[in-house]
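Enquirer: Take this structure first; my questions come after.
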Amino acid sequence: MAMFKKVDDDGRPEIASPPRIGQTRPIRSKNVSVIGPTLVFKGELSADEDLIIEGQIEGTIAHHKKNLTVGKQGRVKADIHASSVIIEGQLIGDIHSEGVVSLAKGADVKGNIFCARIVMEDGARFKGKIDMGEPAKIEVPKELVQAKSVQAEKVSA
């Protein structure tokens, strides 16, 4: 009896066919670039896809509408601009995010965080300040403001 083979409806094991030359199999469900642990990069880094950093980066990282992950082996000395940021490794620099910034257990961050939301797991280290901006202001239509001022004038007269 094969332990890991699927069984068809008729009871026969289903055997997966081996990959063919030139045949591509999907590795990831979405576009993600990975900077491996042996890669060292200095300068300005930007891309139009999500990024996982396991290597060493020094400079600036601009991923305004994308997600950025500094993996457990990642060592980054840079200011980061990204849609959402996950830090599992080491970061020296500021984070600017429109969304959520997550500091995982074992993360070591020295710098300021400017974001809408933040999540810090127990065991994450952080030194700096967090600025979550001002709460969103409610826009009141001009017509409503004008109507209220007319009513106030009538009452005071």
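The values are calculated or read from the model by the stated rules, or taken from the named source; none is laboratory data. Owing to the predicted nature of the structure, the values given are computational and were not obtained by experimental measurement. Quick reminder, even Gly has a Cβ in these numbers, built from the backbone with ideal geometry, and neighbours come from all protein chains shown.
Enquirer: Taking region 60-80, which residues are over 18 Å from Ala124 (Cβ atoms) and either at pLDDT 95 or above or in contact with a helix residue (DSSP H, G or I) (Cβ under 6 Å, 6 or more places away or on another chain) (or both)?
Expert: The answer is Lys77, Ala78, Asp79.
Enquirer: Just checking: which of the strands (runs of 3 or more DSSP E) contained wholly in region 35-105 hold 1 or more residues that are surrounded by fewer than 20 Cβ atoms within 10 Å (Cβ to Cβ) and more than 15 Å from the chain's Cα centre (by Cα)?
Expert: Filter on region 35-105 gives 40-46, 56-70, 75-87, 90-92.
Matching residues to (1) under 27 Å from Gly36 (Cβ atoms); (2) basic (Lys, Arg); (3) modelled with pLDDT under 95; (4) in contact with a Cys (Cβ under 9 Å, 6 or more places away or on another chain):
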| position | (1), (2), (3), (4) |
| --- | --- |
| Ala82 | yes, no, yes, no |
| Gly99 | yes, no, yes, yes |
| Asp108 | yes, no, no, no |
| Arg117 | no, yes, yes, no |
| Ala124 | yes, no, no, no |
| Met132 | no, no, yes, yes |
| Pro141 | no, no, yes, no |
| Lys148 | no, yes, yes, no |
| Ala157 | no, no, yes, no |
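Enquirer: Taking Glu153 and the conditions (1) in a helix (DSSP H, G or I); (2) among the charged types (D, E, K, R); (3) modelled with pLDDT of 95 or more, which numbered condition does it fall short on, given that it satisfies the others?
Expert: Here Glu153 clears every test but (3).
Enquirer: Condition test on Asp50, is it at pLDDT below 95 and charged (D, E, K, R)?
Expert: yes
Enquirer: Out of everything in region 106-132 that is in contact with a Lys or Arg (Cβ under 7 Å, 6 or more places away or on another chain) and acidic (Asp, Glu), what residue ends up being surrounded by the fewest Cβ atoms within 10 Å (Cβ to Cβ)?
Expert: Checked region 106-132; the qualifying residue surrounded by the fewest Cβ atoms within 10 Å (Cβ to Cβ) is Asp122.
Enquirer: Which residues, taken from region 22-41, are of a type in the set (Gly, Ala, Ser) and at pLDDT below 65?
Expert: Gly22, Ser29
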